[in-house]
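I have placed the structure first, in the form of C-alpha cells, so that the comments after it can refer back to it.
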Amino acid sequence: MTEKITGYVLVAVGLIIILFSGFSVYQVFTAKEKPVSLFHFEGISLNLSSLLGSGEGLTSEQQAALERQKAQIKPQEIVSSALLNDSSNIAAHMFLMGFIASIGYKIASLGIQFLRPIVVKMREAKDILPANKPQ
C-alpha cells in the first residue's frame, strides 16, 4: 500500500512541476513576468566613418575636412542591446523551463511505475526432450 501512496505523491509532484514551468512560460510570453536575466550584451554598432575611405588624391585642405567629418560621425547602432538581451533571456528561460518540465515528467513517470501492478505471467513448462523411459 505504501507504493501506491508514494506513486500518487510522485505523480502529483511531477504534474505540479510541469504545470509550474508551463505557467511560467505563459507569464513570460504575455509580459506579466520578466524572464530569467542571464545575458547583459552591448548593442551591435557600426562605425560609418570607416566607410568614407582614406582620402587619397585629395588636397591637404580636403583631407583635413574629411578627417573633421570622420570625427563628427558617431557609431550607428544596428541591433540594440535591449533586443539582444530580451531575446537571449527569453530563449534561456524557455530552455530552463523545458529542462524543469522534463524533470517533472521523469518524476511523474516514476510515480506511474509505482502505481502499476506487477503482473508476472508464466507459461507452463513443457518437456522438450522425451522423458527418460526405463528400458
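No value in this document is a laboratory result; all are computed from the given coordinates. For clarity, every value in this text was computed on a predicted model and none was experimentally measured. In this analysis, Cβ positions are derived from the backbone assuming ideal geometry, glycine residues included, and neighbour counts consider all displayed protein chains.
Between the helical axis of 60-72 and the dominant principal axis of the chain, each derived from Cα atoms, what acute angle in degrees is found, rounded to the nearest 10? On a 0 to 90 degree scale, this one is about 40. For the Cα atoms of the chain, what angle does the longest principal axis make with the long axis of helix 81-115, in degrees from 0 to 90, nearest 10? Helix 81-115 sits at roughly 0 degrees to that axis.
With kT/(6 pi eta Rh) evaluated at 25 °C and eta = 0.890 mPa s, and Rh the Kirkwood radius from Cα pairs, the chain diffuses with a coefficient of 112 µm²/s according to Stokes-Einstein. Mean-square fluctuations from a GNM of the chain, with a 10 angstrom spring cutoff on Cα atoms, peak among Glu61, Glu42, Glu77 at Glu61. Consider a paramagnetic label point 7 Å from the Cα of His40 along Cα→Cβ; state which residues of the range 68-95 have an amide N under 19 Å from it. 80-93, by backbone N distance to the label point.
In the chain, the longest principal axis of the Cα atoms and the axis of helix 2-29 are about 20 degrees apart. Largest GNM mean-square fluctuation across Ser109, Ser24, Ser45, computed for the chain with C-alpha springs under 10 Å, falls on Ser45. Of the residues Val120, Val36, Val28, the one that moves most in a GNM of the chain with alpha-carbon contacts below 10 Å is Val120.
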